[in-house]
Structure formats: C-alpha cells, structure tokens
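The values are calculated or read from the model by the stated rules, or taken from the named source; none is laboratory data. None of these values were measured; they are calculated from a predicted model. Note that each Cβ is placed from the backbone with ideal geometry, even for glycine, and that neighbours are counted across all protein chains shown. Just so you know, the surface numbers come from the protein's heavy atoms only, side chains and all, with ligands and any DNA or RNA stripped out. Shrake-Rupley method; radii C 1.70, N 1.55, O 1.52, S 1.80 Å.
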Amino acid sequence: MPKSVAVKKSKAAKSKPVKSKSKAAPKAAPAKSAAAKATAKQIQFKLAQAKLAQARTAKAKKLKAKTIRGRKGAKPGDLPVWDLSHLYPGPESAALKSDLTESQDRAKAFEARYAGKLASLGGKDFGVAIGEYETLQEVLGRIM
C-alpha cells in the first residue's frame, strides 16, 4: 500500500463522529406568543405607572398637610411674610435713604475713577478697585 493512502485512512479514522452518551434534552416549556409577551409587558408597565402615581400623590398630600400645620393659624392661601427689620427699620427710614444716596455717590465716583481703565491697572491698584467695589456691593446687597 502506498504511503499516501495509509495517511488518508488514518485521518478518516480520526474524524468519525463521536456519539454522545447523554440522554435527550428535557422538553422546553411552550414559548409564549409575541402578542402575549407584549401584553404582559404592557400590563407590568401600567401597574408600575399606577404605583408611581399613587406614591407621588401620597407624598404631595403629606407635604401639603405638613406645610399648613407648620404655620399657626395659617390658611392654605396665606403667603409667608419676611421680617427684614434687621436690615432697615422700614422702607421710609432715614438709614435706608442715607445708604441709597451714599451708594449712588460712591458708584458715580467709582465709575469716574475706573471706567475704561481696569485693563491697564497694576496688581495693587486693581486690588484697591476690587475692594471699593466689594464695599459698594455690600451696602447695595442689604438694600436689594
């Protein structure tokens, strides 16, 4: 026998299919139809939406009740009143009028001194300008 034929026979012997000794696979559960799966998902989604809406409603009711209870004698339509008397005694007070006129004068002086010149200022002069601006803003912050 020629050598090439013997090689072909040995390769053929190696490539025989091997039979599995395992038993047959168990039968799978019948697959649901696509329509049934879609319907089930829609139902789950609607249930989740309903639970979320219910939770939001309950939370809103609880918050509203807590807010109304928090103010003595308050009615649902009442608005809070801010007490700003620690800033100025009243809208017609002399201190408020004085701060307004003084701030206006300082702002005009600041503009005259620094308008169009900020880019050319050195570090020390720029720091002085920022300090003046902050002082002006502090007073105006109390007014506004």
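Points to keep in mind about this one:
- Listed by first and then second residue, the pairs with beta-carbon distance under 6 Å, at least 6 apart or on different chains, first residue in segment 130-144 and without any contact (Cβ under 8 Å) to a residue 60 or more places away in the chain, second among the polar types (S, T, N, Q) and assigned to a helix (DSSP H, G or I), are 139/103; 140/103.
- Those residues of segment 116-144 which are open to solvent by 90 Å² or more (accessible area, probe 1.4 Å) and touching a Phe, Trp or Tyr at 6+ places or on another chain (Cβ under 8 Å), in sequence order: 133, 142
- For beta carbons closer than 6 Å, sequence separation of 6+ or different chains, a first residue in segment 78-89 that is closer than 18 Å to residue 100 by Cβ and a second that is open to solvent by less than 100 Å² (accessible area, probe 1.4 Å) and modelled with pLDDT of 80 or more, the qualifying pairs are 87/142; 88/95; 88/96.
- Some residue of segment 70-84 being surrounded by 10 or more Cβ atoms within 10 Å (Cβ to Cβ) and at pLDDT 75 or above: yes
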